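Below: the structure, in structure tokens.
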Amino acid sequence: MTPEPLPDRAPATPDLVVGADGLARPVWASSDALLRDYYDTEWGMPVRDERGVFERLSLEAFQSGLSWRTILAKRPAFRAAFADFDPDTVAAFGEDDVARLMADAGIVRNRAKIAATITNANATVALRADGGLSDLVWSFRPAVTPAPVTAAEVPTTSDESVALSKTLRKRGFAFVGPTTMHALMEALGIVDTHLVGSHRRGTSGVWR
């Protein structure tokens, strides 16, 4: 598929910081090494495999009410606790696994979010009969992507994230509200909300 052109916007970028390497990044990714590496190498790069999409959906749900930096720092522990987010394995988790996870200080010990992850693993497996989780999520890619100049212009929801939320709920998923789904779409590269002028703007190959 030929990438859609990005809307033209004047590169006025008061919320960007140019680092010692000469690269412009948003304030949130400019000082913390963990966030900077995530921003430079992962955020907004296309993820299309089932496990990758399921992991990001799960972590976005755990992030609800917390900072993304907290989740990112705990990601290795999450991967260990949830069998590297293999949907088949997580779908088979039972009460003993829930107890194990609730005792794991390396992750976010929230029973509702843990239960939702197991529920979503089962829903992911069930979706394979209809094309799979990745194809479904990517089918909500909009015709155009936002072109925010300031942090205040970055949307937190969209018509597509609302529609995706409703569809996933109907398919048995939990903790998939419109804001969480918009964050998922940003993380997967379905939309490009890098600020105009950032060195990452338009680098995913999905948008240019």
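Derivation of every value follows stated rules applied to the coordinates shown; laboratory data play no part. Since we're looking at a predicted model, the values are computed, not measured. Cβ placement follows ideal geometry from the backbone for every residue including glycine, while neighbour counts extend to all protein chains displayed.
Which cross-chain or sequence-distant (5 or more) residues have an amide H under 5 Å from the amide H of residue 17, H modelled 1.01 Å from N in plane?
For residue 17, the qualifying residues are 25, 27.
Which one, 81, 58, 148, projects farthest toward the positive side of the charge dipole computed for region 1-150 from Cβ point charges (K/R +1, D/E -1)?
With unit charges placed on the Cβ atoms, the residue in question is 148.
Picking from 57, 127, 168, which is most flexible by a Gaussian network model of the chain using Cα springs under 10 Å?
Highest fluctuation of the listed residues: 127.
Can you tell me the orientation of helix 111-127 relative to the chain, as the angle in degrees between its alpha-carbon axis and the longest Cα principal axis, to the nearest 10?
Rounded to the nearest ten degrees, it is 90.
Just to be sure I understand: with springs between alpha-carbon atoms less than 10 Å apart, which residue in 138, 43, 28 has the highest mean-square fluctuation in the Gaussian network model of the chain?
Looking only at 138, 43, 28, the biggest GNM fluctuation is shown by 28.
Shape verdict for region 70-208, please, from the Cα gyration tensor: rounded (a/c under 1.5), prolate (a/b greater than b/c) or oblate. Walk me through the intermediate numbers first.
Values: a/c = 2.26, a/b = 1.58, b/c = 1.43.
Cα axes put region 70-208 in the prolate bin.
When the Kirkwood radius is taken over all Cα pairs of region 1-160, what Stokes-Einstein diffusion coefficient follows at 37 °C and 0.692 mPa s, in µm²/s? It would help to have the intermediate numbers written out before the result.
Values: Rh = 18.0 Å.
Calculated translational D: 183 µm²/s.
What percentages make up the Cα-Cα pair-distance distribution of region 141-208 when the bins are 5 Å wide from 0?
3, 18, 27, 23, 14, 9, 5, 1
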